[in-house]
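Data first, discussion second: the structure below is written as C-alpha cells.
The values are calculated or read from the model by the stated rules, or taken from the named source; none is laboratory data. Predicted, not measured: the structure shown is a model, and the values here were computed from it. Here the Cβ positions follow ideal geometry from the backbone for every residue, glycine too, while neighbour counts run over all protein chains shown. To get the accessible areas, we keep the full protein, side chains included, count just its heavy atoms, and leave off ligands, DNA and RNA. Shrake-Rupley method; radii C 1.70, N 1.55, O 1.52, S 1.80 Å.
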Amino acid sequence: MRATFGLIGKTAMALALSAGALSVTSTAAFAKEKEAKAEKASYSKEFVAAAGPIQKTVTALDEAKKKGADAAAQKALLANAPAELAAAEAAIKTPLDRMAAGGWAVSIGGTLNDIAMRQRGIQNMLDSGQVPAANVTEYQFYLGNFAYSNKDYATAVKALTPVVQANYKDDTAAELLADSYSQQGQNAEALTALKMAVDARKAAGAEVPEGWFKRANLIAYKNKLGPQAIEWSTLMVENNPTPLNWLGAGQLVREFSQFTNQESLDLGRLLMRSGGFQNDPKYVEREYVEYIEAADPRRLPGEVLKVANMGVQAGVLKANDAFVNDAISQAKGRIAPDKASLPALDKEARAAKDGKSPMAMADAYLSYDEAAKAEEFYKMAIEKGGIDKDRALTRLGIAQLDQDKFADAKATFAQVGGARATLGRLWLAFANTQAK
C-alpha cells in the first residue's frame, strides 16, 4: 500500500520549502524576527544561540540548490545537520522557536530522506500554533502520511481522523486512516473510518471513490466481519451498480446469511433483474443452478423454464447437461396444467381465512410475470396473516418494482426484517438505483 502514497512526501517537501508557509527557515526572515523584540511572539535567546549552526547549514543548502547541486552534494552538506537540529530543538522555548525548528526538520528530513525527522518537524509546526488555520488540515494530512510511513500508526490515526472528517481533497487520506487502524488489528474501526469518509464526501455532494468501497469490502471479508461485508457490498452497488458489483454483493449476502431455498430464490431474482448474471460464465454458473433449484420446476415451472433458457442462451448452461435438461423437461410438462389451475386457485385464495392460499397465489403470479396480480395477493396475504411476513414483504416489493412503482417498492423493502433483513436491504439498494 505504501507505494500508493509515495508522491505525498514530495508534496510535503514542496510545502516545507514554499515561500511564506515556512519563511522562518530562511536567514533573512530569522534575523528579522530576532530583531522584532516589540512583538509578543518572538524567538527565545536560548533558541537563537543554539540555532546558529543549523541556520548556517540550511543557508548553505539553499545556495547549493540554487546552483544546481545534485542530491549527493546536498546530502554531503548535511553531515552535521541532525546533531545541529537536535541542539536547536533542545533549546525551544517559544511557539516561534518550535515553528522554525519544525520547518528545518521537514526541509532537512526531505533531503536526507529521513521520515522520522519529517514527522517530528510537522508535529512541531502543528504544536507551535503558528500554522495558519486554513492550512492546519493539510499539515495534519502530511503528519498522518509521515507517521504511517514510519509505522507510527497510533499517531497516524490521531492526525488523519480530523482530516477525513473535514472531507480532505486527497482521497488517500481515508485509505491511510483505515489501514492505520487495520495495521493495529482494529478492523472494525477501519471500516468505521471509511464510512465516515463516505458520509463526509456525500454530504459535500461529491463523488465517492470506488476504491474506498473495495478497500472496505476487502477488510470486512478477510476478517470475516459478516454484517460489515454485507453493508459495504450493498453501499458499493448503490454507488456503482455494475454487473460484477451486483454479483459480488449477492454472493456476500448469501455467504454471511442463513439462507433457505426461499431466500436463494429471491436472491436469484435480484441477480437476474440487476444484471448480476451478465458476468463471465465461470462466475455465474453456480448462481443459475441455485436459482433453478430454489424455484423448483415442480413448484414454479414457468420461472424455471425462463431462467434455464436464459442460461443456455447466455452460454452459461448447456442444454444437454443432465441437470439442465431435466429441469427444462419437467418445467415444460407442468406449465400448461399449472396455468389452467390458476383461476380456481385465485377464487379459493380470495375466500381463504388466512394468508397461506393468497401467498401461494401471489407466488404463482409473480413467477409468471403478472406483477399487478402478484402485488394484490401479497397484500391480501399480509392482511390475512398466518404467513412469513418478511418473505411476503420481499416479494411484494419485487412485484411493485416490476411495475416501476419505485417509491412503493422502497417503502416495502425497508420493512423487511428478521433473517431477510440483509436481502431486503440489497433489494432496497436495487430499487434506489432503478429510481434514479
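Among the residues of segment 422-435, none qualifies, meaning not one is at pLDDT 95 or above, in a helix (DSSP H, G or I) and farther than 26 Å from Q251 by Cβ. With respect to N167, is the statement that it is polar (S, T, N, Q), at pLDDT below 95 and closer than 29 Å to Y142 by Cα true? No; evaluated as a whole, the condition is false for this residue. Quick check: anything in segment 43-61 open to solvent by less than 60 Å² (accessible area, probe 1.4 Å), in contact (Cβ under 8 Å) with a residue 60 or more places away in the chain and more than 25 Å from Q183 (Cβ to Cβ)? Checking segment 43-61: not a single residue is open to solvent by less than 60 Å² (accessible area, probe 1.4 Å), in contact (Cβ under 8 Å) with a residue 60 or more places away in the chain and more than 25 Å from Q183 (Cβ to Cβ).
Selection of segment 100-124 for residues being within 26 Å of Q165 (Cα to Cα) and open to solvent by 40 Å² or more (accessible area, probe 1.4 Å) yields I115, A116, R120, Q123. Pick from segment 62-83 the residues that are of a type in the set (D, E) and under 45 Å from the mean Cα position of the chain (by Cα): which of them is most open to solvent (accessible area, probe 1.4 Å)? In this case the residue turns out to be D70. Within segment 364-407, being touching a helix residue (DSSP H, G or I) at 6+ places or on another chain (Cβ under 7 Å) and of a type in the set (D, E, K, R) holds for K373, E375, K379, K384, K389, D390, R391, R395, D402. Out of curiosity, is E285 more than 22 Å from A364 (Cα to Cα), at pLDDT below 95 and surrounded by fewer than 19 Cβ atoms within 10 Å (Cβ to Cβ)? The answer is no for E285. Whenever a residue of segment 421-436 is open to solvent by 10 Å² or more (accessible area, probe 1.4 Å), its partners that are not in a helix (DSSP H, G or I), lying with C-beta atoms within less than 7 angstrom and at least six residues away or across chains, give the pairs T422/S257; L428/A414; T433/P241. Selection over segment 256-280 of residues that are in a helix (DSSP H, G or I) and either among the hydroxyl-bearing types (S, T, Y) or touching a Phe, Trp or Tyr at 6+ places or on another chain (Cβ under 9 Å) (or both) gives a count of 11.
Put simply, of K214, K202, K224 the only residue that is part of a loop (DSSP other than H, G, I, E, B) and of a type in the set (K, R) is K224. Being without any contact (Cβ under 8 Å) to a residue 12 or more places away in the chain, within 27 Å of R425 (Cβ to Cβ) and either open to solvent by less than 80 Å² (accessible area, probe 1.4 Å) or not hydroxyl-bearing (S, T, Y) (or both), is that true of even one residue in segment 331-354? Among the residues of segment 331-354, not one is without any contact (Cβ under 8 Å) to a residue 12 or more places away in the chain, within 27 Å of R425 (Cβ to Cβ) and either open to solvent by less than 80 Å² (accessible area, probe 1.4 Å) or not hydroxyl-bearing (S, T, Y) (or both), which makes the answer no.
Looking only at segment 393-420, which residues are part of a helix (DSSP H, G or I), of a type in the set (A, V, I, L, M), open to solvent by less than 40 Å² (accessible area, probe 1.4 Å) and free of Cβ contacts under 8 Å to residues at least 60 places away in the same chain? Correct list: L393, L396, A399, A409. In summary, V208 fulfils each of the numbered conditions (1) farther than 29 Å from Y288 by Cβ; (2) part of a helix (DSSP H, G or I); (3) open to solvent by less than 20 Å² (accessible area, probe 1.4 Å) with the single exception of condition (2).
May I ask you to list the residues in segment 346-359 that are in a helix (DSSP H, G or I) and either in contact with a helix residue (DSSP H, G or I) (Cβ under 7 Å, 6 or more places away or on another chain) or among the hydroxyl-bearing types (S, T, Y) (or both)?
Passing the criteria: D346, E348, A349, S357, P358, M359.
Would it be correct to say that A322 is surrounded by fewer than 17 Cβ atoms within 10 Å (Cβ to Cβ) and farther than 25 Å from A392 by Cβ? Taking the combined requirement at face value, the residue satisfies it. Scanning segment 301-316 for residues that are among the hydrophobic types (A, V, I, L, M, F, W, C) and open to solvent by less than 10 Å² (accessible area, probe 1.4 Å) yields V304, V307, A308.
Just a yes or no: is a residue in segment 80-103 part of a loop (DSSP other than H, G, I, E, B), of a type in the set (S, T, Y) and either within 21 Å of D152 (Cα to Cα) or in contact (Cβ under 8 Å) with a residue 12 or more places away in the chain (or both)? Scanning segment 80-103 turns up at least one residue that is part of a loop (DSSP other than H, G, I, E, B), of a type in the set (S, T, Y) and either within 21 Å of D152 (Cα to Cα) or in contact (Cβ under 8 Å) with a residue 12 or more places away in the chain (or both).
Conditions (1) over 17 Å from Q228 (Cβ atoms); (2) open to solvent by less than 20 Å² (accessible area, probe 1.4 Å); (3) of a type outside the set (V, I, T), marked per residue:
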{"position": "L126", "(1), (2), (3)": "yes, no, yes"}
{"position": "Q130", "(1), (2), (3)": "yes, no, yes"}
{"position": "Y139", "(1), (2), (3)": "yes, yes, yes"}
{"position": "L143", "(1), (2), (3)": "yes, yes, yes"}
{"position": "N150", "(1), (2), (3)": "yes, no, yes"}
{"position": "L160", "(1), (2), (3)": "yes, yes, yes"}
{"position": "D170", "(1), (2), (3)": "yes, no, yes"}
{"position": "N187", "(1), (2), (3)": "no, no, yes"}
{"position": "A197", "(1), (2), (3)": "no, yes, yes"}
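Of the residues in segment 361-373, not one is more than 25 Å from L401 (Cα to Cα), open to solvent by less than 40 Å² (accessible area, probe 1.4 Å) and not in a helix (DSSP H, G or I). Residues that are under 38 Å from the mean Cα position of the chain (by Cα) and open to solvent by less than 10 Å² (accessible area, probe 1.4 Å) within segment 376-392 comprise Y378, A392, listed in sequence order.
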